[in-house]
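The values are calculated or read from the model by the stated rules, or taken from the named source; none is laboratory data. None of the values given here were measured: they were computed from a predicted structure. Cβ placement follows ideal geometry from the backbone for every residue including glycine, while neighbour counts extend to all protein chains displayed. Accessible surface is based on the protein model in full, side chains and every heavy atom, while ligands, DNA and RNA are left aside. Shrake-Rupley method; radii C 1.70, N 1.55, O 1.52, S 1.80 Å.
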Amino acid sequence: MKLKEKILKILNYIVGDPKHTSLEERLLNSVTFVNGVMNILGSFASFYLPNFLSLFLLNFTTGILFLIFYYLSRFKNKINSLFWPFNITIFIFLSVNWFLNGGSYGGSHYYLIPALVIATMLLRKENYYLVYIMYMFGTAVLFSLEY
């Protein structure tokens, strides 16, 4: 088996085979898997920071939650019921991270845009206005609280 085929086989196992898994499911699988692993690994890189305990708990806890979402989406096919828990978790993570990492000077607010794009790709038609309201109103509240 060639290296390329081995890598594709591993990726298909992690995010789902394109022949049997929808694009939305593969998107949720990949985002939750990567965020879960990166948050857990990244939580151990915060030990040198002055507020390391807060950052460690935030990243480690959300990393575990994202891996739970990954498991439920990938292996239990619960993608439809994970939309709101996933989006609310992402928004809370970015909001708390906003205040722990320099507010609007820290850069976590830039991740609100891809979070909204991911939410848009995953949403069902009846939820679209609630998602936009959550991100617009939530971002306005974050800026207001900061200033």
Using a Gaussian network model on the chain with a 10 Å cutoff between Cα atoms, which of PHE75, PHE33, PHE86 fluctuates the most?
PHE75
Rounded percent of accessible protein surface that carbon and sulfur make up, segment 33-147, 1.4 Å probe
73
Using the Cα gyration tensor of the chain, with a ≥ b ≥ c the square roots of its eigenvalues, what is the shape: rounded (a/c below 1.5), prolate (a/b larger than b/c) or oblate (neither)?
oblate
Can you list the residues of segment 79-121 with backbone N under 19 Å from a point 7 Å past the Cα of PHE52, pointing along Cα to Cβ?
100-102
